[in-house]
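The values are calculated or read from the model by the stated rules, or taken from the named source; none is laboratory data. Every value quoted in this text rests on a predicted model; they were computed, and no experiment measured them. Here Cβ is always computed from backbone atoms with ideal geometry, including for glycine, and neighbour counts include all displayed protein chains.
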Amino acid sequence: MREIYSMNYDWKFYDGDIQDRSFDCTHGNVSKNPSWMKSGNNGVAKWGYPDLDWQDIDLPHDFVCERGEFSETASASQGSLVKGIVWYRKTFELKKEDSEKCVTIEFDGIFRNYEVWLNGHLLGMEISGYKSVSYNIDDVCSYEDVNVIAIRVDATDCEGWWYEGGGIYRNVRLVKTSKLHVGQWGTFVKYTVLEESKAEVVCDTTIYNEYDKVMVFDLVTQIINQAGEVVEEIRNINSIKPHSQLVVMNCINMDKTILWDIEDPYLYKLNTLIKKDNEIMDCYETKFGIRTVHFDNETGFYLNGKNIKLKGVCCHEDHAGVGVAVPDALHEYRIKLLKEMGCNAYRTSHNPPTPALLDACDKLGMLVMDETRVMDTSEEYVQQLKTLIKRDRNHPSVILWSLGNEEMNIHGTDVGIRIYKRLIRIAKSLDPTRKTTYAMNCNWYDISEFNESHNFSVEVGGLNYNLMRNFNKYDTLHEKYPEMVLVGTENASTLSTRGLYCEEPSSNDASITFKSSHECIFEKAQRNQIVSGYGEVYPPWGSTPMETWTSVDTRDFMAGVFIWTGFDYRGETIPYRWPFTVSHFGIMDLCGFPKDIYYYYKSWWTNEDTLHIFPHWNWEGKEKELIDVCVFSNMDCVELFLNDKSLGIKEITKAVKATWQVPYEAGTLKAVGYKGEEVIMVKEVKTTKKASKIGITSNKSELLANKNDVCIINIEALDEDGYFVQTSNELLEFSIKGEGKIIGTGNGNPMSHEQDKLLQRKLYHGLCQVIVQSNFQTGDIILTVEGKDFEQTQIQLKSIETNEFKYVGKVSKDIALAKIIGRRDAADGLV
Ligand code: GAL
């Protein structure tokens, strides 16, 4: 039977490179020869290499974030954090009976440029930090003995222009199967949805036989519903030659199909059983969902026959406190936040995502545009694309493959089109069920020449941005190429900071050139280094939320849009450089705290009544000065009151942000939202007293005791009457007792140089965040928050039992000791 273990625990970590150049072949010292000279010779990767004083860590691990070494000379696009070369080691045991099995180690991603060694043998080398890889270790592992895996990671160079972190930042698994088994990503479930909720499911299964003999076996394919019942089953007898692979195609008719949808993301499980003499040799599980997807050149996007607009965001994967080492439960938290905003589509810009992210999208009902890193046809990049498609093609959430983003060196050229055509062919050969796109920028100047001269059409035309906010270009393009399906693959790039309000630089005038616009922003930046929260600033290629959304919403032929970006991310600090370290593009900040523009999207992307008023009302010293007070809402109109005096009613539309200029006077600002004559909602902002209390909320009260689950604890500054104090930036300290650990903190401040791993954090505009992880024991977890002038506050959580979880634990002392005694030579240096 198949056994899957998490390999995320008990690693050793060395922050630096290890190179021993002191070898001398001629005069002995053979054990110090460089690793490439003899098989099984990498010293750092051998049992007994002295790693006792290396740091103990668990995965996922982003050493760049953990170090937290900010430097003005480090790359600003990588968040001004110092990178480098590091080593990881982990020892583990295999049992005697494992020699009858196939043993594989699977990595979801290591950033980047790394070598993986097992017991001194090289398993492989990879340059990409985004590719999933797996290594079979049958030839080089030891049974009933200690094995050691060692990984050298060189994160010095980047692959993108955003923060990419470094280290083993995604999950690792040890997989043991029978020698007759389903291959990794060895199933592909395709289907046709027929009338009356019937579906025809076709599954291709790739089976490997690692035995030295022909194997005859039963292949049983079951479809299991969410209640765990087998709803369909098919069996057939097969035979496979020794050391070969076989692809079996099975066709199953389903009578009552429940479709996967964004509102009700119903998932089935395909169980693939390999049986021999009634013994189950392998059981491989594939989660899948049944849904139809269709793009129409006139009317846009359809899911299960229903026309919906793609209300999408582009995202990078990093989060406050943890960098790119995002635990699975945090990915789920982020997808939930996006759903709450009304977002229904996620673009994995600009790289293959971690599988956990797609699992969250499947589970929660989020559509995905799944993107490869670089559009090219070298062996390396083709492999990256193939791996992405083979790995992700069973996820119902994935609706589009993106073959590239803004490849300015080649798009619109003959070379570009040849590359693009070849990648489409590759994508189709692996997945004929989905369309491909390419996210084109440069105001898509080339799309016409590109297509006309090559008699070629992109499957889904991906349009990034609109220079000078000329949204009529959508119409021109649509008129010229009426057959082409169009989607805004990246747009807006609105810059804003949560809770920060000031006058905007006047850089948004369409007549300002690229250069002068930037000069203008930078000039202003030198004076006050501020991107205001009002959400009116954008780079010359960007636009406001209002312009961006209405331009797509009013055009049926536009399938939707992906806003740049759902969350702030480290790096790309446009329009500033040092000391900024985090981007300003997010609709939410690095912690997932909503900025004001969040409420614009929520107003028009959900059916929930929404009314948000900003800024805060603590402007002591600015009495009588005019302050812009704004509202994002989906009410028909909103009336604003200051200290119960009406300041007038404004009509609300998707195209505008309702704004009143209000002379400051301490008290209460009240926004009253009407639909017709009826008052639907009232929201207030008050001049508060000094912050003295701490508000704590957690996204859950119970954590699974698997040292993997996390909860996100959001902390806010309150005054003695319990009102939120957005102007509080005080330092808070955290301590934790019981069965949990703080794995990081954050506050969303784009110029913070605070360390994510310290047990203290300043509030930023009234908010900060602590991420707590369970350990293996069940019991209470108590987080205490305190700060000068604040009442100490606690939150109590529970860590509860889970039995779904298997992991590779530490090597037992006995085995380690036997090894030291038996192999004193190799154990040299071991204390
Ligand atoms: C786009 C690019 C993104 C990001 C964005 C910032 O051109 O595709 O990765 O850099 O600009 O506005």
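Name every residue in the range 399-415 that is at pLDDT 90 or above and hydroxyl-bearing (Ser, Thr, Tyr), in order of residue number. Correct list: Ser402 only. On inspection, Asp157 does not qualify as without any contact (Cβ under 8 Å) to a residue 24 or more places away in the chain and acidic (Asp, Glu).
Among residues of the range 239-261 that are within 13 Å of Ser197 (Cβ to Cβ), those with a beta-carbon under 7 Å from a residue that is among the small types (Gly, Ala, Ser) and in a strand (DSSP E or B) at least six positions away or on a different chain give the pairs Met254/Ala199; Thr257/Ala199. For the structure I just gave you, tell me whether Ile237 is touching a Phe, Trp or Tyr at 6+ places or on another chain (Cβ under 8 Å), loosely packed, with under 12 Cβ neighbours inside 10 Å and among the hydrophobic types (A, V, I, L, M, F, W, C). When the stated conditions are applied, Ile237 passes them.
Within the range 83-138, being surrounded by fewer than 18 Cβ atoms within 10 Å (Cβ to Cβ) and within 12 Å of Ala155 (Cβ to Cβ) holds for Gly84, Ile127. Among the residues making up the range 265-282, a single one is surrounded by fewer than 15 Cβ atoms within 10 Å (Cβ to Cβ) and of a type in the set (A, V, I, L, M): Ile280. Entry remark, the range 673-714: residues being within 21 Å of Ile743 (Cα to Cα), not charged (D, E, K, R) and not in a strand (DSSP E or B) number 5 in total. Looking across the range 256-289, the residues that are of a type in the set (Ser, Thr, Tyr) and touching a Phe, Trp or Tyr at 6+ places or on another chain (Cβ under 8 Å) come down to Tyr266, Tyr268, Thr272. In the range 638-655, of all residues being among the β-branched types (Val, Ile, Thr) and surrounded by 16 or more Cβ atoms within 10 Å (Cβ to Cβ), the one that is farthest from Ile597 (Cα to Cα) corresponds to Val638.
Restricting the range 534-550 to residues that are in contact with a strand residue (DSSP E or B) (Cβ under 8 Å, 6 or more places away or on another chain) and not in a loop (DSSP other than H, G, I, E, B), the residue that is farthest from the ligand (Cβ to nearest atom) is Trp549. Strands (runs of 3 or more DSSP E) fully within the range 556-661 that include at least 2 residues being closer than 25 Å to Asp719 by Cβ and in contact (Cβ under 8 Å) with a residue 12 or more places away in the chain: 611-614, 626-633, 637-642.
Name every residue in the range 179-190 that is touching a helix residue (DSSP H, G or I) at 6+ places or on another chain (Cβ under 8 Å) and closer than 23 Å to Phe92 by Cα, in order of residue number. Matches in the range 179-190: Lys179 only.
For Thr187, the requirement of being more than 16 Å from the ligand (Cβ to nearest atom), within 29 Å of the chain's Cα centre (by Cα) and surrounded by fewer than 17 Cβ atoms within 10 Å (Cβ to Cβ) is not met. Against the definition (modelled with pLDDT under 95, surrounded by fewer than 22 Cβ atoms within 10 Å (Cβ to Cβ), of a type outside the set (Ser, Thr, Tyr) and not in a strand (DSSP E or B)), how does Asn443 come out, yes or no? Judged against the criteria, Asn443 is a match.
When Asn394, Asn409 are screened for being more than 18 Å from the chain's Cα centre (by Cα), in the same structural domain as Tyr438 (by TED's automatic domain parsing) and within 16 Å of the ligand (Cβ to nearest atom), only Asn409 passes. Cβ separations smaller than 8 Å between residues 6+ apart or across chains give the following pairs from the range 771-791 residues that are touching a residue at least 12 places away in the same chain (Cβ under 8 Å) to residues that are assigned to a loop (DSSP other than H, G, I, E, B) and of a type in the set (Val, Ile, Thr): Ile771/Val322. Note on the range 251-264: residues that are crowded, with 19+ Cβ neighbours inside 10 Å and assigned to a strand (DSSP E or B) total 3.
For the range 190-225: of the residues being touching a residue at least 24 places away in the same chain (Cβ under 8 Å) and among the acidic types (Asp, Glu), which is surrounded by the most Cβ atoms within 10 Å (Cβ to Cβ)?
Filtering the range 190-225 for residues touching a residue at least 24 places away in the same chain (Cβ under 8 Å) gives 190-191, 193, 197-225.
Among the residues that remain, those that are also among the acidic types (Asp, Glu) are: 200, 204, 210, 212, 218.
Working: Glu200: 14, Asp204: 13, Glu210: 18, Asp212: 8, Asp218: 16.
The residue in question is Glu210.
Cβ separations smaller than 6 Å between residues 6+ apart or across chains give the following pairs from the range 285-311 residues that are more than 17 Å from Val398 (Cβ to Cβ) and touching a residue at least 12 places away in the same chain (Cβ under 8 Å) to residues that are among the basic types (Lys, Arg) and part of a strand (DSSP E or B): Glu285/Lys269. Within the range 416-436, the set of residues being at pLDDT 95 or above and either within 16 Å of the ligand (Cβ to nearest atom) or in contact with a helix residue (DSSP H, G or I) (Cβ under 7 Å, 6 or more places away or on another chain) (or both) comprises Leu423, Ile426, Ala427, Leu430, Asp431, Thr436.
Which ones in the range 400-440 are hydroxyl-bearing (Ser, Thr, Tyr) and surrounded by fewer than 18 Cβ atoms within 10 Å (Cβ to Cβ)? Reasoning before the result, please.
From the range 400-440, those hydroxyl-bearing (Ser, Thr, Tyr) are 402, 413, 420, 429, 433, 436-438; that's our starting set.
Correct list: Thr413, Ser429, Thr433.
Might you check whether a residue that is of a type in the set (A, V, I, L, M), assigned by TED's automatic domain parsing to the domain that holds Phe593 and in a helix (DSSP H, G or I) occurs anywhere in the range 361-372?
First pass over the range 361-372, keeping only residues of a type in the set (A, V, I, L, M): 364, 366-369.
Next, only the ones that are assigned by TED's automatic domain parsing to the domain that holds Phe593 stay: 364, 366-369.
From the residues that got through so far, the ones that are in a helix (DSSP H, G or I) too are 364.
Checking the range 361-372: at least one residue is of a type in the set (A, V, I, L, M), assigned by TED's automatic domain parsing to the domain that holds Phe593 and in a helix (DSSP H, G or I).
With respect to Glu702, is the statement that it is acidic (Asp, Glu) and either buried (at least 22 other Cβ atoms within 10 Å of the Cβ) or more than 27 Å from the chain's Cα centre (by Cα) (or both) true? It is false that Glu702 is acidic (Asp, Glu) and either buried (at least 22 other Cβ atoms within 10 Å of the Cβ) or more than 27 Å from the chain's Cα centre (by Cα) (or both). Which of the residues that make up the range 472-496 are crowded, with 16+ Cβ neighbours inside 10 Å and either away from the ligand (no atom under 16 Å from the Cβ) or modelled with pLDDT under 90 (or both)? Matches in the range 472-496: Lys473, Tyr474, Leu477, His478, Tyr481, Met484, Val485, Leu486. What number of residues within the range 519-533 are at pLDDT 80 or above and within 16 Å of the ligand (Cβ to nearest atom)? Matching residues across the range 519-533 total 1.
Taking strands (runs of 3 or more DSSP E) as the structural unit, those lying wholly within the range 73-180 and holding at least 1 residues that are away from the ligand (no atom under 16 Å from the Cβ) and of a type in the set (Ser, Thr, Tyr) correspond to 85-94, 101-107, 114-118, 133-136, 172-178.
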